[in-house]
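Just below is one structure, and these are the notes that go with it.
The values are calculated or read from the model by the stated rules, or taken from the named source; none is laboratory data. All figures in this text were calculated on a predicted structure; none of them were measured in a lab. Backbone-built Cβ (ideal geometry, glycine too); neighbour counts: all protein chains shown. When the accessible area is computed, the model is the full protein with side chains, heavy atoms only, and any ligands, DNA or RNA have been set aside. Shrake-Rupley method; radii C 1.70, N 1.55, O 1.52, S 1.80 Å.
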Amino acid sequence: MNYRSYNRGEWTEVYVLFYLLGQKKLYKGDASFQKLSDFFYISRVFHYENLEKVEFQLENNLSEIVIKRSGCINQRISVQDFINKANDIFEAIINSQGRSFSIPAIEDFLKSINCQTIKQDSRNVKDIEIGIIDTKRDRHDNLSFSIKSKLGQSPTIFNAGKKTVFIYRIESNNNLDIPKLKELESATKILRTIRGQCQIVFDELKTREFTNTFYRNLILIDDSMPIIVANLLLNAYSGENNKSIIELHKKMTMDNPCGYELQNVGEIYERKIKNFLTDITLGLKASEDWKKDNTPNGFLVVTRNGEVLSYYLLDRKTFEDCLFTQTKLDVPSRTRHDYGTVYQEEGNYYIKLCLQVRFR
């Protein structure tokens with residue numbers, strides 16, 4: 001039999017489904033990805049198969065999973081089966097070689113429960129939906145989440161693309177040695193070479209014209225957001241190796257790119273950065289108009305030891321603090337995303353820098 005190969009992220013989504021059904025509890029995490037004692041009881045989990053929701057409901061004193069499609073009972077499976085399969089997936093992920101791999105025993109199990117695919121429809125920003133029982137508030141809710149896995153390379157929360165670039169004008173009294181700059185293999189080396197002798201100015205008009213939808217989405221968050229992200233990006237590429245958001249925020253507070261004549265400007269920039277991180281985590285993309293009417297309630301993090309921790313907007317402080325302290329700007333492929341070289345246009349020199357954000 002031919003078995004399909006999936007990447008770690010895709011296998012992790014199946015792992016989370018099986019793990020939560022076996023745990024029967026959804027634990028909260030703190031801002032440092034440590035498990036807290038607080039948790040919700042789980043009553044059911046919904047898996048998205050393309051755009052169809054398949055329900056896995058805990059029954060029979062929480063020892064059995066009832067699988068429902070279109071509201072009709074399809075199968076009954078022991079909870080222990082899901083615990084065993086979750087362990088098998090975890091071992092396969094941490095011991096895997098290469099970007100994608102197959103797990104034959106898991107594929108056989110998925111077929112036995114009529115799961116046709118583990119890949120999500122790209123239009124759906126919700127990876128999983130969980131029916132929780134909040135005993136403190138005496139209420140039942142369905143909460144949806146995206147899934148971020150630290151089993152391997154740290155996950156992105158905003159992916160790079162050719163339209164996630166910011167354009168900067170290079171102002172210099174001296175002629176730039178363009179052939180020499182072209183020999184440098186990264187945007188970081190170019191900026192470190194020229195920043196001491198040139199002014200590098202964010203060209204908001206050219207960025208707006210080039211990125212269009214992405215620029216509009218940033219304005220929807222805050223009308224100063226393009227300037228704020230441009231500052232983060234420039235300092236990430238031209239500064240030292242530390243590209244963490246928390247360190248870039250310190251530099252922004254000193255730069256004060258928006259020119260606020262107020263006290264505690266650091267707090268203002270922190271609030272705006274947290275708003276930006278929240279929206280890109282909840283599904284803001286560069287290529288689609290940003291609408292908040294179908295966003296998840298939070299995100300789940302799979303830690304390196306296999307625990308699944310929840311971060312949701314009802315606990316906004318922990319949600320935002322986690323994003324602010326645990327994310328960084330990344331440097332994506334220069335050739336793939338077509339950025340990071342000095343070019344001349346209308347008598348001026350420019351350079352494009354590409355945005356990508358991931359957990360540290």
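Considering only chymotrypsin sites (Phe, Trp or Tyr not before Pro) in DSSP loops that have at most 15 other Cβ atoms within 10 Å, the longest stretch of the chain without any of them is 4-259. Here the range 291-335 and the range 147-163 have alpha carbon centers that stand 10 Å from each other. Here the Gaussian network model covers the chain, with springs between Cα atoms less than 10 Å apart; of T341, T278, T327, T341 fluctuates the most. Taken about its Cα centre, the range 1-134 carries a charge dipole of roughly 140 debye when the Cβ of each Lys and Arg holds +1 and the Cβ of each Asp and Glu holds -1.
Using Cα pairs closer than 8 Å and at least 6 residues apart in sequence, work out the relative contact order for the chain, in percent. Let's see the in-between values first.
On the way: 630 pairs, mean separation 78.1, N = 360.
Taking the mean separation of contacting Cα pairs over the length of the chain, I get 22 percent.
Look at where the Cα atoms of the range 36-83 and of the range 209-281 average out, and the two centres are 41 Å apart. Semi-axes of the equivalent ellipsoid for the range 88-160, computed as √(5λ) from the eigenvalues of its C-alpha gyration tensor and ordered from largest down, come to 27, 19, 14 Å. Rolling a 1.4 angstrom probe over the range 226-266 with all protein chains present gives an accessible area of which 49% lies on carbon and sulfur atoms. Among A187, G98, I118, which residue has its Cα positioned farthest towards the positive end of the charge dipole of the range 93-196, with +1 placed on the Cβ of Lys and Arg, -1 on the Cβ of Asp and Glu, and the dipole taken about the Cα centre? Of the listed residues, the answer is A187.
Partner lysines whose Cα lies under 17 Å from the Cα of K150, excluding those fewer than 8 positions away in the same chain, are identified as K28, K35, K328. For the range 244-360, relative contact order (Cα pairs under 8 Å, six or more residues apart, normalised by length) works out to 24 percent. Average projection, convex hull of the Cα set of the chain: 21.0 square nanometres.
Here the scattering of the range 241-360 is modelled by Debye summation over its C-alpha atoms, one equal scatterer each and no solvent; at q = 0.11, 0.15, 0.18, 0.19 Å⁻¹ the log10 of I(q)/I(0) is -0.51, -0.90, -1.17, -1.24. Calculated mean residue ellipticity, 222 nm, the chain: -10500 deg cm²/dmol, from DSSP H runs (n ≥ 4) at -39500 (n - 2.57) each, averaged per residue and rounded to 500. Between the helical axis of 316-326 and the longest alpha-carbon principal axis of the chain there is an angle of about 60 degrees. Note on E171 and N264: the model spin-label points, each 7 Å out from Cα along the C-beta direction, lie 3.3 nm apart.
Restricting to the chain, what percent of DSSP beta bridges are antiparallel, rounded to 5? Please report the intermediate quantities before stating the final value.
Working: 62 of 70 bridges.
Here the share of antiparallel DSSP bridges comes out near 90 percent.
DSSP loop trypsin sites (Lys or Arg not before Pro) in the range 130-205 with at most 11 other Cβ atoms within 10 Å of their Cβ, which ones?
Details: sites: K136, R137, R139, K148, K150, K162, K163, R169, K180, K182, K189, R192, R195; in loops: K136, R137, K150, K162, K163, R195.
Taking the range 130-205 and a limit of 11 other Cβ atoms within 10 Å, the loop trypsin sites (Lys or Arg not before Pro) found are K136, R137.
A viscosity of 1.567 mPa s and a temperature of 4 °C, combined with the Kirkwood radius over Cα pairs in Stokes-Einstein, give a translational diffusion coefficient for the range 1-147 of 81 µm²/s. Placing unit charges on each Cβ (+1 for Lys and Arg, -1 for Asp and Glu) gives the chain a dipole about its Cα centre, and among Y3, Q326, N241 the Cα reaching farthest toward its positive end belongs to Y3.
Based on Cβ point charges of +1 for Lys and Arg and -1 for Asp and Glu, what charge dipole magnitude is obtained for the chain about its Cα centre, in debye rounded to the nearest 20?
On the way: 51 positive and 47 negative charges, 78 e Å.
Computed charge dipole of the chain: roughly 380 debye.
Projected onto its three principal axes, the C-alpha set of the range 140-286 covers 66, 41, 30 Å, listed from the longest axis down. Computed from Cα positions, the angle between helix 8-23 and the longest principal axis of the chain comes to roughly 40 degrees. Between the helical axis of 245-255 and the longest alpha-carbon principal axis of the chain there is an angle of about 30 degrees. Put a plus charge on the Cβ of each Lys and Arg, a minus charge on the Cβ of each Asp and Glu, and nothing anywhere else: the dipole of the range 193-286 about its Cα centre is then about 240 debye.
What do the square roots of 5 times the Cα gyration tensor eigenvalues come to for the range 262-315, in whole Å, largest first, as semi-axes of the equivalent ellipsoid? Please report the intermediate quantities before stating the final value.
Working: eigenvalues 119, 70, 21 Å².
In descending order the semi-axes read 24, 19, 10 Å.
Suppose the Debye formula is applied to equal point scatterers at every Cα of the range 193-274; what is log10 I(q)/I(0) at q = 0.14, 0.20 Å⁻¹? For the range 193-274 at q = 0.14, 0.20 Å⁻¹, log10 I(q)/I(0) is -0.50, -1.00.
Give me the percent relative contact order of the range 213-284, please, defined on Cα pairs under 8 angstrom at least 6 residues apart.
Working: 40 pairs, mean separation 25.7, N = 72.
Relative contact order for the range 213-284 comes out at 36 percent.
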